[in-house]
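The values are calculated or read from the model by the stated rules, or taken from the named source; none is laboratory data. Not measured: the values here are computed from a predicted model. Every residue, glycine as well, gets a Cβ built from its backbone with ideal geometry; the counts of neighbours run over all protein chains shown.
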Amino acid sequence: MALGVFYRTLTEAVADITEHGFDSEARVHDWVERIRRAARDDLVPEARLTAELKRVLTSAYDRYVERGGILLRHQDIPRWTIDRVKPKLRSELDRRIMASAGLIKLNREQSKQKTVQRFVGWATSIPAGGSSVVERVPVKTEIRKALASLPFEERRVLIDQSHKLISAVSNIVATDGGAIAGVWNDHGHTDKSYNARPEHLKRTGKFFLIRDNWAQQAGLCKPGPDGYMDEIEAPGEFVGCRCFYRYVYAIRRLPEFMLTEKGKKALAERASVSINMPA
């Protein structure tokens, strides 16, 4: 947002109030309306921003679903499993686009409202007749703070919602594909510019069991010291989180301490059959 019209309007408003002070509600109300219009005119049109949001989320979806990137997080399931749940995945994409568009619109309204509130709060503090001690630059900086940071916040929403979309899509695949656990992964160890949460870094490589999965119901596995997946927040749930699960579908992928005696026996029997198979 260039803030051309908005900044000029705000400059004129601050100058006028500084000169005349809060001598009437009409003066303040007139400037509030002009500031609202200027803010609306300087912002990227909502339709264009929504189109960009749709492009970004659809691109992330295509990269992970259509081009197979998601298989890197689900290495033990065949491609046809992804194809089978595609209607659900596409519905999740559509749902995320609508929710994200609503979030951006809400953020815009809040930013404009904060700007108006700050202006009114300042304007009504200036006595009638004006003031000679107003420092105009700091006043304008404080009033425009919320609106000036809006482009950054909107870019952050696009990035964050992309991560949330992929996390949700991955969870759908895991649920329908019969995953039994997830191994926590983060970006903090490989990307030093990423401000990872310390508690998330500590989870890297840890196994979290999916409660009541088919292997647990069969008595083959049990939760390890890190417990169940539903006892902690999901990767991508917190704002800015880029962590993710690599899902486990076979008990042979679990650490030994998560196997029951029945599970260990089943693996041993399977290994024995494999070893003794005729060439």
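Tell me whether region 172-179 contains one or more residues that are outside any helix (DSSP H, G or I) and more than 15 Å from the chain's Cα centre (by Cα).
yes
If Arg55 satisfies all but one of (1) over 18 Å from Pro151 (Cβ atoms); (2) under 33 Å from the mean Cα position of the chain (by Cα); (3) assigned to a helix (DSSP H, G or I), what's the number of the condition it fails?
Exception for Arg55: condition (1).
Quick check on region 71-94: of everything there that is assigned to a helix (DSSP H, G or I) and of a type in the set (Val, Ile, Thr), which residue is nearest to Ala168 (Cα to Cα)?
Per the criteria, the residue is Ile82.
Check region 237-255 and report whether any residue there is among the small types (Gly, Ala, Ser), under 17 Å from Ser167 (Cα atoms) and touching an Asp or Glu at 6+ places or on another chain (Cβ under 8 Å).
Yes, that holds for at least one residue.
Those residues that are polar (S, T, N, Q), closer than 18 Å to Glu33 by Cβ and assigned to a helix (DSSP H, G or I), I need them from region 112-161; list them, please.
Gln113, Thr115, Gln117
Please determine, by comparing only the residues of region 3-21 that are touching a helix residue (DSSP H, G or I) at 6+ places or on another chain (Cβ under 6 Å) and of a type outside the set (A, V, I, L, M), which one is farthest from Trp122 (Cα to Cα).
Phe6
Filter region 132-158 down to residues that are without any contact (Cβ under 8 Å) to a residue 12 or more places away in the chain and under 17 Å from the mean Cα position of the chain (by Cα) and give me whichever is farthest from Arg96 (Cα to Cα).
Of everything passing the filter in region 132-158, Phe152 is farthest from Arg96 (Cα to Cα).
Say we look at region 31-62 and pick out the residues that are of a type in the set (S, T, N, Q) and at pLDDT 95 or above; which of these is nearest to Met98 (Cα to Cα)?
Thr58
Can you name the number of the only condition in (1) surrounded by fewer than 20 Cβ atoms within 10 Å (Cβ to Cβ); (2) over 18 Å from the mean Cα position of the chain (by Cα); (3) of a type in the set (S, T, N, Q) that Asn195 fails?
(2) is the only condition that Asn195 fails.
Give me the pairs, please: first residue somewhere in region 43-56 and surrounded by fewer than 19 Cβ atoms within 10 Å (Cβ to Cβ), second residue anywhere and of a type in the set (A, V, I, L, M, F, W, C) and modelled with pLDDT under 90, beta-carbon distance under 7 Å, and either six or more positions apart or on two chains.
Hits for this filter: Val44/Met1.
What do you reckon, is Leu10 part of a helix (DSSP H, G or I), touching a residue at least 24 places away in the same chain (Cβ under 8 Å) and surrounded by 13 or more Cβ atoms within 10 Å (Cβ to Cβ)? First the steps, then the outcome.
On the way: part of a helix (DSSP H, G or I): yes; touching a residue at least 24 places away in the same chain (Cβ under 8 Å): yes; surrounded by 13 or more Cβ atoms within 10 Å (Cβ to Cβ): yes.
Yes; evaluated as a whole, the condition is true for this residue.
Take the residues of region 106-141 that are of a type in the set (Ser, Thr, Tyr) and either surrounded by fewer than 18 Cβ atoms within 10 Å (Cβ to Cβ) or touching a His at 6+ places or on another chain (Cβ under 6 Å) (or both): which is farthest from Glu25 (Cα to Cα)? Step through it out loud before you land on a result.
Keep residues of region 106-141 that are of a type in the set (Ser, Thr, Tyr), which gives 111, 115, 124-125, 131-132, 141.
When the remaining residues are screened for being either surrounded by fewer than 18 Cβ atoms within 10 Å (Cβ to Cβ) or touching a His at 6+ places or on another chain (Cβ under 6 Å) (or both), the result is 124-125, 131-132, 141.
Values: Thr124: 9, Ser125: 12, Ser131: 17, Ser132: 21, Thr141: 23 Å.
Within region 106-141, the match that is farthest from Glu25 (Cα to Cα) is Thr141.
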